[in-house]
Amino acid sequence: MVDATPRPGQGARSAMDRFIDAIEWCAATFVGIVALNIFIAVVLRKFFSTSIPDSYDIGKMLLGTLIFWGIAATSYRGGHITVDLVWAAASPRHKRWIDVFATLVLLFVVTVQTVMLFDKVRVTYVDHVLTYDLNIPTWPFFAVAWLGDVSAVLLIAIRTYRLVFQPQALHDAPQGKVVE
Amino acid sequence: MSNDAIAITGFVVLFVLMLLRVPVGMAMGLVGVTGYSWIVGPGPALKLVGQTSMRTVTDYTFGVIPMFMLMGAFVSVSGLSREMFRCADAFAGHLRGGLGIATVVACGGFAAICGSSVATAATFAAVAYPEMRRFGYPQSFSTGVIAAGGTLGAMLPPSTVLAVYAILTQQDIGKLFMAGVLPGLLALLMYVLTIALIVRVRPGLLPAGEPRPWRERLAALRLVWAPLALFVFVIGGLYGGFFTPTEAGGVGASGAFILGVLRRTLDRAKTREALLQATRTAAAVFTVLIGALLFGYFLTITQTPQKLTEFLTGLGVGRYGVLALIMLMYLLLGCLMDAMAMIILTVPIIFPVITTLGFDPIWFGVIIVMTVELGLIHPPVGMNVFVIKSVVKDVSFTTIFKGVLPFVATDILRLIILIALPIIALYLPSRMG
């Protein structure tokens, strides 16, 4: 008989994983939208001599959004570019402590970035910066991008917690994945 | 504390943080902002964080990076590597060492579209290695040729490393891409000649396969022509001024998606995988870019590049002597960190030296990328070698490095040729508008 009783923390882990998946999906969706926006803009300009209004402005703000949401996903999966020389030679125990230290520094830096980015969103709102063609306020785009950075802080905090208390729950991105 | 002492302390802290596995971009950003705040004050330094981060990620020109990554991801998950290898094998497999040649050619084609040396090495370790072993190719040659073939990705367009170099040095991304074409093709040709030389020196080492009928060859070609045509269209459009680099990337990514759907090689799960893969890699690169730009303010305020330029030009070893020293530094750094981290960390410091010495910035981009790619395969720490070892478990590092050595020698020769004949890199960019 299979024991279906959740172990302590298992329910919370599932909710956390769904939250992480949702953030990754947001990032992935934004990259698709950016590509589609560029493709349609090129086709319209080259073949129909017309353009999507604000395609350039919206494209670059979507790009910012995709990167900040992507940083959230990458930070959680441990996919940042790192120097692994010391880590690779360390014992499993030391590896874990190195990872905890690195993640805490990451958490600190991204938190400072998030606070300072909020200031940028606020200034954009106060200055009432508009897009070129349609005069749409730009601050909501910056705010969505900023939310990506907020997600990054949350995910890095989750990563730190898991590194310390549930290392088996982490699924880091492999280096040099086989893609046939 | 003098500015020089602050700069030295900054570099020491940066290396300690990087060795403790703090992400390179975050370490650069932290040290850059802290150092800047030490000299100028915390207020302006913290303001830089928000401004630089937002300006970098919303720069439309930088969109070239995620777009070409997405194109590579779509093509990669669609199964192109195996199809390319089959096609190259159908044409060259009957020659002695033909499977090796097929691996190099397929690696070149795949790496050009995929854009990642490490992913190419990992992929072909799974695709080509078992085939070569099945036909009796030695382990050292089989792994060596894959490690070397993987490096072609950094040179053939669209190369992420060249795009990042262009961003850091404010050069034209399209021209940098074009500058990589002839050196990349030269690399491919020289690897094939290396295999031919190995066959000539040790005729019994590499066997020949059965010749394939033209029907089979054409069938194999039919599987790869569409992605290759897309690649030629995108890069040709860039060369002809039809697209900007970001547009070329966007069109390439959308084209790769449409092709994948039409050829039924891209389902929902693979699409999701490609989108996630591109997003994560782009985010990792942008994190380092933001960090590099923040670190750049620190370098500017401490005048580190100017002081380094004065020091190196005062050595009295001539411009090529300085160039040799810089390349030696890159080869040594290649033992410590990956190509992207190396380029982003060092180019803002080294670039003023290069321009002061009168070297062409586009040519130097090609030379520097070639040098760091050499670091991916040269002993004692070649990233590609480690990646192959992680896929092919039953082979030792010594065996792989033994197999790679002829290709390292070829790379060094190619580097000398490109230094002697800069026109190889500069011809195509000079023909652009």
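Taking A:ASP133, is it in contact (Cβ under 8 Å) with a residue 12 or more places away in the chain and of a type in the set (Asp, Glu)?
Numbers: in contact (Cβ under 8 Å) with a residue 12 or more places away in the chain: yes; of a type in the set (Asp, Glu): yes.
Yes.
Checking the condition within 8 Å of chain A (Cβ to nearest Cβ), more than 19 Å from the chain's Cα centre (by Cα), of a type in the set (A, V, I, L, M, F, W, C) and open to solvent by less than 10 Å² (accessible area, probe 1.4 Å), which residue from B:MET54, B:MET67, B:MET28 passes? Explain how you work it out, then say what you get.
Numbers: B:MET67 fails: more than 19 Å from the chain's Cα centre (by Cα); B:MET28 fails: within 8 Å of chain A (Cβ to nearest Cβ).
Going through B:MET54, B:MET67, B:MET28 in turn, the sole match is B:MET54.
Among B:LEU193, B:LEU206, B:LEU188, B:LEU221, which is the only one that is closer than 26 Å to B:THR410 by Cβ and either surrounded by fewer than 20 Cβ atoms within 10 Å (Cβ to Cβ) or among the small types (Gly, Ala, Ser) (or both)? Step through it out loud before you land on a result.
Numbers: B:LEU206 fails: either surrounded by fewer than 20 Cβ atoms within 10 Å (Cβ to Cβ) or among the small types (Gly, Ala, Ser) (or both); B:LEU188 fails: either surrounded by fewer than 20 Cβ atoms within 10 Å (Cβ to Cβ) or among the small types (Gly, Ala, Ser) (or both); B:LEU221 fails: closer than 26 Å to B:THR410 by Cβ.
Of B:LEU193, B:LEU206, B:LEU188, B:LEU221, the one residue that is closer than 26 Å to B:THR410 by Cβ and either surrounded by fewer than 20 Cβ atoms within 10 Å (Cβ to Cβ) or among the small types (Gly, Ala, Ser) (or both) is B:LEU193.
Regarding the range A:44-59, can at least one residue be identified that is basic (Lys, Arg), surrounded by 11 or more Cβ atoms within 10 Å (Cβ to Cβ) and modelled with pLDDT under 80?
Scanning the range A:44-59, I find no residue that is basic (Lys, Arg), surrounded by 11 or more Cβ atoms within 10 Å (Cβ to Cβ) and modelled with pLDDT under 80, so the answer is no.
If a residue must be in a loop (DSSP other than H, G, I, E, B) and either open to solvent by 80 Å² or more (accessible area, probe 1.4 Å) or facing chain B (nearest Cβ under 10 Å) (or both), how many such residues does the range A:83-117 contain?
Initially, the range A:83-117 is screened for residues in a loop (DSSP other than H, G, I, E, B), giving A:83-84, A:90-91.
Still in the running and either open to solvent by 80 Å² or more (accessible area, probe 1.4 Å) or facing chain B (nearest Cβ under 10 Å) (or both): A:83-84, A:90.
Qualifying residue count for the region: 3.
Can you name every residue in the range A:118-147 that is among the polar types (S, T, N, Q) and in a loop (DSSP other than H, G, I, E, B)? Walk me through how you get there before you give the answer.
Here is the first cut: in the range A:118-147, the residues among the polar types (S, T, N, Q) are A:124, A:131, A:135, A:138.
Result: A:THR131, A:ASN135, A:THR138.
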State the number of residues belonging to the range B:254-286 that are more than 11 Å from chain A (Cβ to nearest Cβ) and open to solvent by less than 10 Å² (accessible area, probe 1.4 Å). 1
Filter the range B:133-183 for residues that are of a type in the set (D, E, K, R) and part of a helix (DSSP H, G or I) and give the result. B:ARG133, B:ARG134, B:LYS175
Sole miss for B:GLY97 among (1) at positive phi; (2) open to solvent by 10 Å² or more (accessible area, probe 1.4 Å) is condition (2)
Subset tally (residues that are touching a helix residue (DSSP H, G or I) at 6+ places or on another chain (Cβ under 6 Å) and within 11 Å of chain A (Cβ to nearest Cβ)) for the range B:344-382: 2
Exactly one of these conditions fails for A:ALA72: (1) facing chain B (nearest Cβ under 7 Å); (2) part of a helix (DSSP H, G or I); (3) under 25 Å from B:ILE65 (Cβ atoms). Give me its number. (1)
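Conditions tested, residue by residue: (1) away from chain A (no Cβ under 14 Å); (2) in contact (Cβ under 8 Å) with a residue 60 or more places away in the chain; (3) surrounded by fewer than 22 Cβ atoms within 10 Å (Cβ to Cβ).
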site	(1), (2), (3)
B:ARG202	yes, no, yes
B:LEU228	yes, yes, yes
B:GLY252	no, yes, no
B:LEU289	no, yes, no
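The values are calculated or read from the model by the stated rules, or taken from the named source; none is laboratory data. The structure presented is a predicted model; accordingly, all values stated were derived computationally and were not measured. Cβ atoms come from the backbone with ideal geometry, glycine included; neighbour counts cover every protein chain shown. The protein model used for the area step is the full one, side chains on, heavy atoms only, and it has no ligands, DNA or RNA in it. Shrake-Rupley method; radii C 1.70, N 1.55, O 1.52, S 1.80 Å.
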